[in-house]
Amino acid sequence: MTAAATEIAALDATAQAALVRSGQVSAAELVDGAIDRIERLNPQLNAVVIPLFEQARAAVADATPTGPFAGVPFLLKDLVVEIEGTPLREGSMFLRDNVSTFTCELVTRLRRAGLVMVGRTNSPEFGMVPACEPQVHGPTRNPWDPRRSTSGSSGGSAAAVASGMVPMAHGNDMGGSLRFPAAACGLFGLKPTRARNPLGPEYGDAVSGWAVEHALTVSVRDSAALLDATAGPAPGDPYPAPPQTRPFAAEVGTDPGRLRIGYTPRIPGGTLGHPDCVRALEAAAALCASLGHDLVEADLPGLDEGVGAAIGTVFNAATAWIVAYWVRHRGREPEPHELDPLTRSYWDAGRRVTAADYLLAIGDLQKFSRTVATFLSGGERGGVDLWLTPTMSQPVARIGEIASTPAEPLKALERGAPTVAYPLVVANITGNPAMSVPLAQAPDGMPIGMHFLGRFGDEATLLRLAAQLELARPWAALTPPIHATR
């Protein structure tokens, strides 16, 4: 790779687009550079599982895209988000020959922003496990240590961005699936407010609003500007997110003011996370205090066994819905070898969930959401503005540790759950925005993310704080051993 191409690989999406607008680099050169990086690094990482190289080159062959990210190469996670005429496998052998028949609204908006789709990234089957090791594609490896997992489910996208293949990539999140891999790979991961981005035309309200779409980025400004480009309801959406008062990009660099930040090192049940995670939390709390914020140790109220049982009911039902959706579209049920063992266990459990069970669980969780809203009511009303924990509760697992087998179908659940014991799913339950910020490293060099839960509809406060933290502790220059600039 040329020196110029290496320099471009070190830039975020905003800076790459600026090169195109100024005429210093063409969109075709950006796309060719990304393809070169993918072809060079992907054999080590297995991040990109469906190349769309020819389509990408064709998209910039005759004209330069317009928009805030004109000509910037982008990767889509191989889950949910469809492009007509291209494969969508969702990490499943059941969908190994599936080809999309429509293009979703989010892709239309990404293209309108100038982004060029160069491929799809690996995902565990239907995104239902905090690892990225589907049978159909094999494991994605972490560029910080290829023996380690990327967590999941947006693990392929995380590995691709962390290694410099592309400056940002799509991810989605139904229980932490964007934020966990952001933490494991040293990236910024923002989970937007429920309904901030559209899910149409196929979906309106996925799993009662738990599932959201956005991206994994290196910089805070990329995440904010991308959300500006994609946010807003589409015709027929069941409900909108609260409108922002100004562009999200304008929040980057704005003083967040003096925030009251609650934090805890404890996972539900009262035990501490791993010592490395707890030390990183203490450092993050001290950093926030040094920036003028008030830190108060506080556990999240209301997170009891009843809430935990309701979460389990919803996840089982969600898996049953996903499989039923594809059975309807495929016209047949999957053969035994076409589902990973954990998925089949979830599917079996989900088919035993009645409609009443599901609605009772949703009611319990909506009641819990009101408790969370009161907790996040702000310092003047006795609550907090944000709630801080480590993103992950244990160091990043090794490849193969979070993988089920036919003999042990629940192994991935049993091994994966202890690594993600901090309750990031609360943001999905409540619909609140949340973010993982790459503020620390373990003694062995692996990234450790810090997680902030915000108020419903209030991405602005999160982005202001994230930009303040990014300025105080710049992370973009910390690149993994497997990186395009090396």
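Readers should treat all values here as calculations from the given coordinates under stated rules, not as data from a laboratory. What you are looking at is a predicted structure, and each value in this text was computed from that prediction instead of being measured. Here the Cβ positions follow ideal geometry from the backbone for every residue, glycine too, while neighbour counts run over all protein chains shown.
Out of the residues in the range 408-452 that are of a type in the set (Asp, Glu) and not in a helix (DSSP H, G or I), which is farthest from ARG221 (Cα to Cα)?
Among them, the one singled out is GLU408.
I'm trying to understand the selection: among the residues of the range 355-378, which are under 16 Å from ALA309 (Cα atoms), small (Gly, Ala, Ser) and surrounded by fewer than 21 Cβ atoms within 10 Å (Cβ to Cβ)? Outline the logic, then answer.
At the first step, the residues of the range 355-378 found to be under 16 Å from ALA309 (Cα atoms) are 355-369.
Subsequent filtering for residues that are small (Gly, Ala, Ser) retains 355-356, 361, 363, 369.
If the condition is that a residue be under 16 Å from ALA309 (Cα atoms), small (Gly, Ala, Ser) and surrounded by fewer than 21 Cβ atoms within 10 Å (Cβ to Cβ), then ALA355, ALA356, GLY363, SER369 are the ones that fit.
Would you check if THR430 is closer than 20 Å to GLY209 by Cα, polar (S, T, N, Q), buried (at least 19 other Cβ atoms within 10 Å of the Cβ) and within 19 Å of the chain's Cα centre (by Cα)?
Numbers: closer than 20 Å to GLY209 by Cα: yes; polar (S, T, N, Q): yes; buried (at least 19 other Cβ atoms within 10 Å of the Cβ): yes; within 19 Å of the chain's Cα centre (by Cα): yes.
Taking the combined requirement at face value, the residue satisfies it.
State whether one or more residues within the range 301-308 are in contact with a strand residue (DSSP E or B) (Cβ under 9 Å, 6 or more places away or on another chain), crowded, with 16+ Cβ neighbours inside 10 Å and not in a helix (DSSP H, G or I).
Looking only at the range 301-308, we keep the residues that are in contact with a strand residue (DSSP E or B) (Cβ under 9 Å, 6 or more places away or on another chain), and these are none.
Checking the range 301-308: not a single residue is in contact with a strand residue (DSSP E or B) (Cβ under 9 Å, 6 or more places away or on another chain), crowded, with 16+ Cβ neighbours inside 10 Å and not in a helix (DSSP H, G or I).
Give me a count of the residues in the range 125-150 that are touching a residue at least 60 places away in the same chain (Cβ under 8 Å) and within 25 Å of TRP326 (Cα to Cα).
Count: 13.
Going residue by residue through the range 188-200, is there one that turns out to be among the aliphatic types (A, V, I, L, M), assigned to a loop (DSSP other than H, G, I, E, B) and within 18 Å of LEU110 (Cα to Cα)?
The first filter runs over the range 188-200 and keeps only residues among the aliphatic types (A, V, I, L, M), leaving 190, 195, 199.
From what's left, assigned to a loop (DSSP other than H, G, I, E, B): 195, 199.
Checking the rest, the ones that are also within 18 Å of LEU110 (Cα to Cα) come to 195, 199.
The answer is yes; a qualifying residue exists.
Please list, ordered by first then second residue, the pairs with beta carbon atoms under 6 Å, 6 or more apart or interchain, first in the range 468-486 and closer than 23 Å to ARG147 by Cα, second outside any loop (DSSP other than H, G, I, E, B).
From residues that are closer than 23 Å to ARG147 by Cα, the pairs are TRP475/PRO438; PRO480/ALA162; ILE482/GLN44; ALA484/ALA9; ALA484/ARG37; THR485/THR6; THR485/ALA9.
Counting only residues that are in a strand (DSSP E or B) and not aliphatic (A, V, I, L, M), which one in the range 256-293 is farthest from LEU386 (Cα to Cα)? First the steps, then the outcome.
Taking the range 256-293 as the starting set, the residues that turn out to be in a strand (DSSP E or B) are 260-263, 266, 272.
Still in the running and not aliphatic (A, V, I, L, M): 260, 262-263, 266.
On the way: ARG260: 7, GLY262: 6, TYR263: 8, ARG266: 16 Å.
Across the range 256-293, the extreme among qualifying residues is ARG266.
Give VAL136, VAL81 a once-over and let me know the one that is within 19 Å of LEU199 (Cα to Cα) and part of a loop (DSSP other than H, G, I, E, B). Steps first, answer last, please.
Details: VAL136 fails: within 19 Å of LEU199 (Cα to Cα).
Residue meeting the stated conditions: VAL81.
Is it the case, given these coordinates, that PHE102 is touching a helix residue (DSSP H, G or I) at 6+ places or on another chain (Cβ under 8 Å) and in contact (Cβ under 8 Å) with a residue 40 or more places away in the chain?
No: the conditions fail for PHE102.
Does the range 73-104 hold any residues that are within 20 Å of the chain's Cα centre (by Cα) and under 19 Å from PRO139 (Cβ atoms), and which are they? Break it down into steps so the answer makes sense when it comes.
The initial filter retains those residues of the range 73-104 that are within 20 Å of the chain's Cα centre (by Cα), namely 73-83, 88-92, 104.
Residues satisfying the conditions are LEU75, LYS77, ASP78, LEU79, ARG89, GLU90, GLY91, SER92.
Filter the range 54-78 for residues that are of a type in the set (D, E, K, R), assigned to a loop (DSSP other than H, G, I, E, B) and free of Cβ contacts under 8 Å to residues at least 40 places away in the same chain and give the result.
Taking the range 54-78 first, the residues of a type in the set (D, E, K, R) are 54, 57, 62, 77-78.
With assigned to a loop (DSSP other than H, G, I, E, B) added as a condition, the list becomes 62, 78.
Hit for the range 54-78 is ASP62, nothing else.
How many residues are touching a residue at least 40 places away in the same chain (Cβ under 8 Å), farther than 17 Å from SER153 by Cβ and surrounded by fewer than 23 Cβ atoms within 10 Å (Cβ to Cβ) if we restrict to the range 190-216?
The qualifying residues number 6.
Here is a yes/no grid of residues against (1) at negative phi; (2) aliphatic (A, V, I, L, M); (3) buried (at least 16 other Cβ atoms within 10 Å of the Cβ); (4) free of Cβ contacts under 8 Å to residues at least 12 places away in the same chain:
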{"position": "GLY292", "(1), (2), (3), (4)": "no, no, no, no"}
{"position": "LEU295", "(1), (2), (3), (4)": "yes, yes, yes, no"}
{"position": "ILE322", "(1), (2), (3), (4)": "yes, yes, yes, no"}
{"position": "VAL327", "(1), (2), (3), (4)": "yes, yes, no, yes"}
{"position": "ARG332", "(1), (2), (3), (4)": "yes, no, no, yes"}
{"position": "ASP340", "(1), (2), (3), (4)": "yes, no, yes, no"}
{"position": "VAL353", "(1), (2), (3), (4)": "yes, yes, yes, no"}
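State the number of residues belonging to the range 399-418 that are surrounded by fewer than 22 Cβ atoms within 10 Å (Cβ to Cβ) and either closer than 16 Å to LEU300 by Cα or under 20 Å from the mean Cα position of the chain (by Cα) (or both).
Initially, the range 399-418 is screened for residues surrounded by fewer than 22 Cβ atoms within 10 Å (Cβ to Cβ), giving 399-401, 405-411, 413-415, 417-418.
From what is left, the residues that are either closer than 16 Å to LEU300 by Cα or under 20 Å from the mean Cα position of the chain (by Cα) (or both) are 399, 413, 417-418.
Residues in the range 399-418 being surrounded by fewer than 22 Cβ atoms within 10 Å (Cβ to Cβ) and either closer than 16 Å to LEU300 by Cα or under 20 Å from the mean Cα position of the chain (by Cα) (or both): 4 in total.
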